[in-house]
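Participant: Submitted below is the structure of interest, expressed as structure tokens.
The values are calculated or read from the model by the stated rules, or taken from the named source; none is laboratory data. The structure presented is a predicted model; accordingly, all values stated were derived computationally and were not measured. Methodologically, a virtual Cβ is constructed for each residue, glycine included, from the backbone with ideal geometry; neighbour enumeration extends over all protein chains shown. In case anyone asks, the SASA skips ligands and DNA or RNA and just uses the protein heavy atoms, side chains included. Shrake-Rupley method; radii C 1.70, N 1.55, O 1.52, S 1.80 Å.
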Amino acid sequence: NKEKNNPIINITKATVNNKGSYVLDANGTVTLPDKNHKIPQINVTANIIEGKLTFLEAFLKGLISKTEGKILNSKLVIAGDISKPSFNGSIGIANGKTTVNYLQTEYFIDNETIFFKDHDIVFKNVILTDKSAADARKDNKKANEALLNGAVHLNDFKKMSIDLNMTTNNFPFLKTTA
């Protein structure tokens, strides 16, 4: 919907189903540049029914890799300057796994929620484990746990910073073997 003197694209009940990779409904607007707005603005609410957790690698470029798992029943509001929008909401994670590149350690997360607040990804009492629940059952050993709190500050996707607190006992932090 692009009207004269009001360059706005309305997104009304847009449903995306990318062969099961991402299933979401989106509503909102994108304001195109005009004499009052030099940079496109976005205000979209996305209700994510299901998706792949790999999308986090786009936000955390270079920090994590080998990410797997699902996003379930989540909601994100994306608003502001389209080149550096704010994100608000939360994502539910099931069977998540990722490698922290600097540490070369693999961590697992299951049935947890991660929050987005403006330009931060926020962790509130998120439990990480050093092995998946399935591997723990197979080995007949309980996975070691760590409690994660804090945030990754996206800083407009330039010079991201990390302010995290991990509380643990006997949890692998740095992989020192090949």
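Participant: Anyone know which of F115, F87, F59 comes out most mobile in the 10 Å Cα GNM of the chain?
Facilitator: Maximum among the listed residues: F59.
Participant: If you don't mind, another one. Taking all protein chains as present, what is the carbon and sulfur share of the accessible area of the chain, in % to the nearest whole number, probe 1.4 Å?
Facilitator: Heavy-atom surface of the chain belonging to carbon and sulfur, 1.4 Å probe: 53 percent.
Participant: Taking Rh as the Kirkwood radius computed over C-alpha pairs, what is the Stokes-Einstein D of the stretch 12-63 at 20 °C in a medium of viscosity 1.002 mPa s, expressed in µm² per second?
Facilitator: Reported coefficient: 164 µm²/s.
Participant: A further question follows. Going down the table (K75/K97; K13/K124; K84/K117; K70/K117; K13/K38; K75/K141), which pairs top 24 Å between alpha carbons?
Facilitator: Going by Cα-Cα distance, K13/K124; K13/K38; K75/K141 fall outside the 24 Å limit.
Participant: Using the eigenvalues of the Cα gyration tensor, what equivalent ellipsoid semi-axes result for the chain when each is taken as the square root of five times the eigenvalue, whole Å, largest first?
Facilitator: Taking √(5λ) for each eigenvalue gives 36, 18, 12 Å, largest first.
Participant: Rounded to whole Hz and in sequence order, give me ³J(HN,Hα) for the stretch 61-77 from the Karplus expression 6.51 cos²θ - 1.76 cosθ + 1.60, θ = phi - 60°, writing x for Gly and Pro.
Facilitator: After applying 6.51 cos²θ - 1.76 cosθ + 1.60, I find 3, x, 7, 10, 8, 6, 7, 9, x, 10, 9, 10, 6, 10, 9, 10, 10 Hz.
Participant: Still on this structure: Rounded to the nearest 20 debye, what is the charge dipole size of the stretch 15-120 about its Cα centre when +1 sits on each Lys and Arg Cβ and -1 on each Asp and Glu Cβ?
Facilitator: 240
Participant: Placing +1 at every Lys and Arg Cβ and -1 at every Asp and Glu Cβ, with all other atoms neutral, what dipole size does the chain have around its Cα centre, in debye to the nearest 20?
Facilitator: 300
Participant: Right, another one. Please work out the C-alpha center-to-center distance from the stretch 13-55 to the stretch 99-127 and express it in whole Å.
Facilitator: 23
Participant: A further question on this structure: Can you work out the accessible area per residue across the chain, with the rest of the protein chains kept in place, probe 1.4 Å, in square angstrom?
Facilitator: On the way: 10960 Å² over 178 residues.
Averaged over the residues of the chain, the accessible area is 62 Å².
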